[in-house]
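Reviewing the structure listed below.
A short reminder: the numbers here are calculations on the coordinates, not readings from a lab. These figures come from a predicted structure and were not determined experimentally. FYI the Cβ positions are ideal-geometry reconstructions off the backbone, even for glycines, and counts take in every protein chain you see.
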Amino acid sequence: MGCSLSKKKNAKRPPGYEEPDLLASVTPFTVEEVEALYELFKKLSNSIIVDDLIHKEEFQLALFRNRNRKNLFADR
């Protein structure tokens, strides 16, 4: 999932990626919520393939606790 730029290992990250304070200031989330969401992202994105990207199988695993289950929503 994602465009070709998101798959590059050294792709430039958007501002606020490493600064939860900055990201929280431009979103409705608090700093604590941004940090918690980032931790969840890290766990999910490295649950099967360790590359900091959320693959289809990892997405399905998070939704259904089974990466092989078929679902119209997840297959789109």
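Tell me, what is the FRET efficiency for Asp51 and Leu22 to the nearest 0.05, using R0 = 25 angstrom and their Cβ-Cβ distance as r? My answer for the efficiency is 0.50. Rounded to the nearest 0.05, the FRET efficiency derived from the C-beta distance between Glu32 and Arg65 at R0 = 35 Å is 0.85.
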